1. Give me the accessible area per residue for region 495-545, probe 1.4 Å, as a whole number in Å².
2. Sort 355-364, 559-568 for me by packing, meaning the mean count of neighbouring Cβ atoms within 10 Å per residue, highest on top.
3. Between their Cα atoms, which of LYS272/LYS809; LYS346/LYS621; LYS327/LYS589; LYS772/LYS814; LYS389/LYS777 are more than 28 Å away from each other?
4. Hey, how many Å between the Cα centroid of region 443-514 and the Cα centroid of region 368-407?
5. Could you state the number of Å between the C-alpha centres of region 870-917 and region 723-778?
6. Packing-wise, with mean Cβ within 10 Å as the measure, how do 857-869, 83-95 rank, highest first?
7. With the dipole of region 396-503 worked out from charges on the C-beta (+1 for Lys and Arg, -1 for Asp and Glu) around the Cα centre, which of GLY488, MET502, VAL472 lies farthest toward the positive end?
8. Post the alpha-carbon centroid distance, region 262-327 to region 606-645, in whole angstrom.
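The values are calculated or read from the model by the stated rules, or taken from the named source; none is laboratory data. Since the model is a prediction, treat every value here as computed from it, not as a measurement. Reconstructed Cβ throughout: ideal geometry from the backbone, glycine too, with neighbour counts over all protein chains shown. These area figures cover heavy atoms from the full protein model, side chains too; ligands, DNA and RNA do not enter into them. Shrake-Rupley method; radii C 1.70, N 1.55, O 1.52, S 1.80 Å.
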Amino acid sequence: MDTKGRLVAGSHNRNEFVLINADEVGRVTSVKELSGQICQICGDEIEITVDGEPFVACNECAFPICRPCYEYERREGNQSCPQCKTRFKRIKGSPRVDGDEDEEGFDDLDHEFDVTNGVPESVLSSHHNMGRGPYNAGSEVDGATLKPEIPLLTYGQEDDGISADKHALIVPPFMNRAKRVHPMPFSDTASTVSLPPRPMDPKKDLAVYGYGTVAWKDRMEEWRRRQNDKLQMVKHQGDGGHNDGDVDDPDMPKMDEGRQPLSRKLPIPSSKINPYRMVILIRMVILGLFFHYRILHPVNDAYALWLISVICEIWFAVSWIFDQFPKWFPIERETYLDRLSLRYEKEGKPSELAPVDVFVSTVDPMKEPPLITANTVLSILAVDYPVDKVACYVSDDGAAMLTFEALSETSEFARKWVPFCKKFNIEPRAPEWYFAEKVDYLKDKVHPSFVRERRAMKREYEDFKVRINGLVTMAQKVPEEGWTMQDGTPWPGNDVRDHPGMIQVFLGNNGVHDIEGNELPRLVYVSREKRPGFDHHKKAGAMNALIRVSAVISNAPYMLNVDCDHYINNSKALRESMCFLMDPTSGKKICYVQFPQRFDGIDRHDRYSNRNIVFFDINMKGLDGIQGPIYVGTGCVFRRQALYGYDAPPKKKAPGKTCNCLPKWLLCCCSSRKKKAKGKSKDKKEKSTRGKKNKDPPKQVHALENIEEGIEGIDSEKSSLMPQIKFEKKFGQSPVFIASTLLEDGGVPPGATSASLLKEAIHVISCGYEDKTEWGKEVGWIYGSVTEDILTGFKMHCHGWRSVYCIPKRPAFKGSAPINLSDRLHQVLRWALGSVEILFSKHCPIWYGYGCGLKPLERFSYINSVVYPLTSVPLLAYCTLPAICLLTGKFIVPEISNYASILFMLMFLSIAVTSILEIQWGGVGIDDLWRNEQFWVIGGVSSHLFALFQGLLKVLAGVNTNFTVTSKAGDDGDFSELYLFKWTTLLLPPLTLLIINIIGVIVGISDAISNGYESWGPLFGRLFFAIWVILHLYPFLKGMMGKQNSVPTILIVWSILLASIFSLLWVRINPFLDRGGIVLEVCGLDCD
């Protein structure tokens, strides 16, 4: 889509469509492609190489010279560039000449020497062509130097390129087994026999050589049939077997790596998982005995305390069951990137990898620094994936000119950064984190040019940071008349709540190339239209707008969404996901591939459990063994068709097996019963089909017969299962977008023009486009919760899809996490509030989605993800009980007998053993597990409690809550905000619990000292209970007291006030002295 480098703004409802001339900095002008250049020596056009890039003879000045002139200058001329006088270096595919130095960059033995007797030396190394299609390594060589290409006939595949006057070589398929690229998994004595190549004259009949006869064709058909049967066997094993792709069959010599599965499951070893399951069952038995004892032995003098404690313990047990059983079948996965390349990236052919649209969402550039967003965008543009198959869409939901200008600067810097990353294959490809790595890049033998270019690139990046920070400084003070672009055009987004939709294509097809002349991935700025009176649905609405605008512009079949602070840490992350989504055996049923979240800039001890190691390395592995992990909002690659609300492809049932050994009368009885059952099932099916008429069919529609503005390229021969009205009710009134939804493999309809696409792109991001459609209900990101990620993944699992959890060795994505306690609690508050909203909605997994494709244990995990905020009430009560027991002298347990002591010991022992075994198979540290437990208590008594109250207010009273964007950390030093305390009401509940438990411990010890030796025994149980609470709140206490000069005054005042209140309350309830005064008793001694 050609926008001539101008910002496109408009509103479909107001019939506005404007092309704005941006300033010189913001405008991106189109440049002429190198493919149209003319050779300055002979005047011929410079050809395109097999890789799709223009031929460049001189790497220093890129002086336009065609390959024949380059070859002639090297062979007959002075061997130097006419412009810069630099000596030509040998390019791959060119023969050596006198004076060439030994180059270690590549091995080009096929073209190392000149032609001998009309046959290239490359033919002698024919084993490199095994299983890779037609041989075309010599296509780049000058025709005057080498003879035309001589194809090979291998594995029974005839090449049509053999002409009548050329000879072909019949190379035996098992010649020179040791040099084969893909050794076959079997042994054959015949393969060890070395047979010389046999020349064949094409003028003669092939039957003379044994090829082309009827017998030979029959043998080839038999071979193909056997290969298909073996491939089907691999498919069946990939669906339900334990060894996906581990096929060891001597009858499969032709099953090379390119046709094997692209990934496999790695079950947890039985030596680790079986003891874990046994301990869980034993713990269930102990729980039953424990509650049997607790319920049958009440505490009569503290009945209220006993009742509250039993209710809390029952709820904890239920929540533990919901959390534990989804971890019953944990698995890990392994990908094969080499097989992916063999299957979809064949030599000499364009890459067949599927295109991917990448979504980056941002709102407020003051809370989400533009430099962090720029690093994320740069890591996407430099990803290890074909450039013509990557498109990056940045959603600016705040319509900030700062974000637009920063993205313009980023697109300019990307012209230098992307070729540098791909030239030296560096990791990570976000410059801020690459240059911040404390790694000695000179310890290995590197090329001197790398050191020179790295230093130059670091200087370029420092200049880039200065420009970005300058834009941020300018944006601190907004002019009264609003922002104005340098050409005098007012910025369309001056009013954040009332502005048109805006689209700017910075990079991409027919756009700016990098400094080496190569094409760059597409980069598009999108800001959807906003008008007063419309519900824009926050982040979920912005993501749905990106779905539609990307479908109009590029329409990739897969989409990756990342937060603006989550950069691509592993440049092969997209390839990792394609190993699952493009796997021909199991990829069709996968709706998304979720990667774990990893974070930078967190303190070494992870005080506030920002990494969530237990969730990402234990819980998610367990879900992957059931129906797949839940969607966590970022670092996820989606199948576009799954987000459109379609059902998963139905699973093909295996053919039924019959047995003829039964008597005929029994078969007749069975058949009569089956007929009756079939009759009943037919009636039920008729009723169900009547009820399902209004529902969407699971199959996708492949025709658009009734759309007025038809799009060419859509198959109209197939019957239309959904008429035009149903399409518009589901997807909206955009014929271009509807046409794109019917293209399962993606791509823009061929009949669409650039102008129509531009108009539709503005149309689909208008604020009223989703009215009376199924967007946010059944299509796209689902509305109704601030945590739209859980709801969206839940809906896709209900449609029968499954997801996959991918943990590459190098983390795929890394982001920044809130480092101080206040921001962390606000983040947890937002997550918990979203769960409460889902709990009280129609999409609650407790009652929604029965009879669909959701598995029971997967439902357990979703129920646990929405009911966990309810645990805040019993947790708060349970953490208050120790202080009450110490202040009143009562306890929740009666006098402990031997049986009770054994039960309590077994209970604590089972908890400890379960945790140890989880650590063993999950690969997490004990400190990570303990931090997770500590913050579960801190967040449970603060953020979860407030989220529960806010959710109830929203459901019962209609009081809405505002979405708070979590601040992303900038480059302010290591852990500079760790001790920063921002006052918030979320700090009051844990502070109160800390104070009353500390007071309770002091009072209990004082009471025991004053009452004598006998009172120490009952005190130990109460002290253990209170110290358990204090230890869990210790990170809160440490954060509050870490830097006394940063503690707010109001926090100190509240602490003293609450301490005084509870001290006076204790004195009122249980003073040291009895109210009746001192009681005098007879000592029993006879003084006389």
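1. 35
2. Working: 355-364: 24.1, 559-568: 26.3.
Packing proxy ranking, top to bottom: 559-568, 355-364.
3. Numbers: LYS272/LYS809 21 Å; LYS346/LYS621 34 Å; LYS327/LYS589 22 Å; LYS772/LYS814 38 Å; LYS389/LYS777 30 Å.
From LYS272/LYS809; LYS346/LYS621; LYS327/LYS589; LYS772/LYS814; LYS389/LYS777, over 28 Å: LYS346/LYS621; LYS772/LYS814; LYS389/LYS777.
4. The distance from the Cα centre of region 443-514 to that of region 368-407 comes to 10 Å.
5. Answer, in whole Å: 58.
6. In decreasing order of mean packing, 857-869, 83-95 become 857-869, 83-95.
7. So the residue we want is VAL472.
8. The distance from the Cα centre of region 262-327 to that of region 606-645 comes to 25 Å.
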